[in-house]
Amino acid sequence: MHPRAPPKRSSVSSFESRVSVLLLAMFATMATVYVAGRLWQDAQTRAYLIQELDKRNGQGQSAISVDDTLKRIGCREQQKKLSNLEMDLAAARQGGFVPKQLSKIDGTRSKKKILAVIGIITTFGGKKKRDAIRKAWMPTGAALEKLADEKGIIVRFVIGRSANRGDSLDKQIDDENRQTNDFIILEGQGEPPEELPRNTKSFFIHAVENWDAEFYAKVNDDVYVNIDALGAMLTTHLDEPRLYIGCMKSGEVFSEPTHIWYEPDWWKFGDKKGYFQHASGELYVISKTLAQFISINRSSLRMYAHDDVSTGSWFIGLDVKHINEGKFCCSWSSGAICAAV
């Protein structure tokens, strides 16, 4: 008998075992790489989400220095103060007031509380009228300053500029003013007759911005005024804040263009075409609060054909005390305040 060959089972088994170990090692390595990759990816995702969350919560910014913090606090405080000042200014304007300005008289500070500023509306051709007023009731030179210092009354002629700026008309006024120093020259206003309402408004604006007076008066250059009597009368009204004093009238509104008193806006005054009560333009006085109101609302105040009607219209609807003063009726009264010539 031939002997049997030894079995090869053990060698095959050993080979299969080594293959299994190798496969297991490869699988474990791949699993490790996969898990490590997922963990790294999850870590990146969490870091991104945390960063986005910090940004949304305002925590993603770098730390603010002490100096920057103080600057921000100071800025907020200034904004708060500015807001409060704006609210105070709005309330003051609503009440008809503006912050007080330092009084000035021809560039110098006023030494005495000013009772009234009188503006005499004049024209380029009014030299003879101005000279007559200077001789009759308006002081000149040092006496004009004495009137302001002792009685608190300032008097000035008021005039605009020529349509042709710098022409002979302007030069004549400039030369006259250099000699007399008694003009308010409205640089931004013209001097044609149709500019009279606008010049009157500009006078009140200029006067209230340059002199802190109790009253402001508008006078025509053909009216003579008793300054002492006017000053004495005004002192009796110092405690009344919103005054409009004059020779009150109404009268007919003329719609015919050829009429001397033609009113282009005649249709605004109703079917009967009658003006509201207003002071005659020869002489009237308004208190400081009303002058401030004109200054504040200058851009929205309507001008009509005539300066007296325009001024009266500005106070319609306001809480204003109208005083019909017969002594201001210069044309038909022999009162002690004024007289028309």
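The values are calculated or read from the model by the stated rules, or taken from the named source; none is laboratory data. None of these values were measured; they are calculated from a predicted model. Because the Cβ atoms are built from the backbone with ideal geometry, glycine has one as well, and the counts that use them run over all protein chains shown. We work out accessible area using only protein heavy atoms, side chains counted, and drop any ligands, DNA or RNA first. Shrake-Rupley method; radii C 1.70, N 1.55, O 1.52, S 1.80 Å.
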Checklist entry - What does the charge count near Asp239 come to, summing +1 for each Lys or Arg and -1 for each Asp or Glu among other residues with Cβ under 12 Å from its Cβ? => result 0
Checklist outcome for this item: Carbon and sulfur atoms account, in whole percent of the 1.4 Å probe accessible area of the stretch 108-197, for 51
Checklist outcome for this item: Judged on accessible area alone, 1.4 Å probe, highest first, Met138, Met26 line up as Met26, Met138
Checklist entry - How far is it, in nm, from the label point at Leu22 to the one at Asp239 when both lie 7 Å from their Cα along the line to the Cβ? => result 12.1
Checklist entry - How far apart, in nm, are two points set 7 Å out from the Cα along the Cα-to-Cβ line at Lys113 and at Asp319? => result 2.3
Checklist entry - Taking a 1.4 Å probe, which of Leu24, Leu290 shows the most accessible area, and what order do the others take after it? => result Leu24, Leu290
Next on the checklist: Using a 1.4 Å probe on the protein heavy atoms only, what accessible surface does Val341 show? Give it in Å² to the nearest 10.
Outcome noted: 110
Checklist outcome for this item: Here the stretch 239-244 yields Karplus 3J(HN,Hα) values (6.51, -1.76, 1.60; θ = phi - 60°; whole Hz; Gly and Pro given as x) of 8, 10, x, 10, 10, 9
